[in-house]
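Note sheet for the following structure.
The values are calculated or read from the model by the stated rules, or taken from the named source; none is laboratory data. No experiment lies behind these values; they were computed from the predicted model shown. Heads up, the Cβs are rebuilt from the backbone with ideal geometry, glycines too, and the neighbour counts pull from every protein chain shown. Areas reflect the complete protein model, heavy atoms only, side chains present, ligands, DNA and RNA absent. Shrake-Rupley method; radii C 1.70, N 1.55, O 1.52, S 1.80 Å.
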Amino acid sequence: MNLLETLLKNNEEFVNNKDYLNYQTSKTPDKKVLIVSCMDSRLTELTYKALGLKNGDIKQVKNAGAMITHPYGSTMRSILVAVYMLGVEEVIIMGHTDCGFGALKPEPILSEMKSRGISDDVINTLMHSGIDVVDWLQGFESVEESVNENVKVVKQHPLMDKKVPVHGLVMNPDTGAVEVVHKDY
């Protein structure tokens, strides 16, 4: 059985056993907070356990590095929808130590893309179209600086409600310990 078949079989059992009843909640987060965090698999359950959260407490947006790469991209749009339509009253940008995106250098990923069939022509076309692929794939040097920069993007966004606090945290994925790098009260 391949991975997809295994997942679908697990889902069928989940539905048939009515296990979903344990997770039913509303669309609006009980804690009225949205957390932007990294997609690192170590954080999947750790974030909830370390912060004392349960299903339905928060809205969560996950991506590589907990980054807001464009002020009008999908992460910022998700934040705005959560604030204006889903009752979110606070936003947390939460990076983590030992982040793979922080160590990311564009050259190895571009090399891997090429080894999997992405041609130099495609990359050159993107570069000549105004998309700096090298910069887009560049990681960050300091998770604390990255979190603070992303807090600024949200705070300074022209469509963001200025009364909504935007905090910055850094989590240790080994222990769950959280450091505050920006408290917005």
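For the stretch 1-24, what are the residues that are among the hydroxyl-bearing types (Ser, Thr, Tyr) and either open to solvent by 90 Å² or more (accessible area, probe 1.4 Å) or out of contact with any Phe, Trp or Tyr (no Cβ under 7 Å at 6 or more places or on another chain) (or both)?
Hits for the stretch 1-24 are 6, 23.
What about residue 47, is it in contact (Cβ under 8 Å) with a residue 24 or more places away in the chain and either at positive phi or assigned to a loop (DSSP other than H, G, I, E, B) (or both)?
no
What pairs can you find where one residue is in the stretch 83-102 and at positive phi, the other is assigned to a loop (DSSP other than H, G, I, E, B) and open to solvent by less than 30 Å² (accessible area, probe 1.4 Å), and their Cβ atoms are less than 8 Å apart, with a gap of 6+ or different chains?
87/29; 98/173
Name the pairs: first residue in the stretch 132-147 and in contact (Cβ under 8 Å) with a residue 24 or more places away in the chain and of a type in the set (Phe, Trp, Tyr), second residue assigned to a helix (DSSP H, G or I) and buried (at least 16 other Cβ atoms within 10 Å of the Cβ), Cβ to Cβ under 6 Å, at least 6 apart or on different chains?
Filtered contacts from the stretch 132-147: 140/146.
Specify which of the listed residues (56, 87) is open to solvent by less than 60 Å² (accessible area, probe 1.4 Å) and more than 18 Å from residue 166 (Cα to Cα).
56
Do we have residue 41 as surrounded by fewer than 11 Cβ atoms within 10 Å (Cβ to Cβ), modelled with pLDDT of 95 or more, closer than 18 Å to residue 170 by Cα and of a type in the set (Gly, Ala, Ser) here?
Considered against the rule, which asks whether it is surrounded by fewer than 11 Cβ atoms within 10 Å (Cβ to Cβ), modelled with pLDDT of 95 or more, closer than 18 Å to residue 170 by Cα and of a type in the set (Gly, Ala, Ser), residue 41 comes out as yes.
Quick grid of which residues meet (1) part of a loop (DSSP other than H, G, I, E, B); (2) crowded, with 17+ Cβ neighbours inside 10 Å; (3) at pLDDT below 95:
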residue	(1), (2), (3)
81	no, no, no
95	no, yes, no
100	yes, no, yes
113	no, no, no
135	no, no, yes
145	no, no, no
157	yes, yes, no
160	yes, yes, no
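Could you grab the pairs with beta carbons closer than 6 Å, sequence gap of 6+ or different chains, first residue in the stretch 162-185 and modelled with pLDDT of 95 or more, second one of a type in the set (D, E, K, R) and part of a strand (DSSP E or B)?
Matching pairs, first to second residue: 165/90; 170/179.
Go through (1) under 16 Å from the mean Cα position of the chain (by Cα); (2) among the hydrophobic types (A, V, I, L, M, F, W, C); (3) over 22 Å from residue 172 (Cβ atoms); (4) open to solvent by 20 Å² or more (accessible area, probe 1.4 Å) one by one and return the number of the condition residue 140 breaks.
Here residue 140 meets the rest and fails (3).
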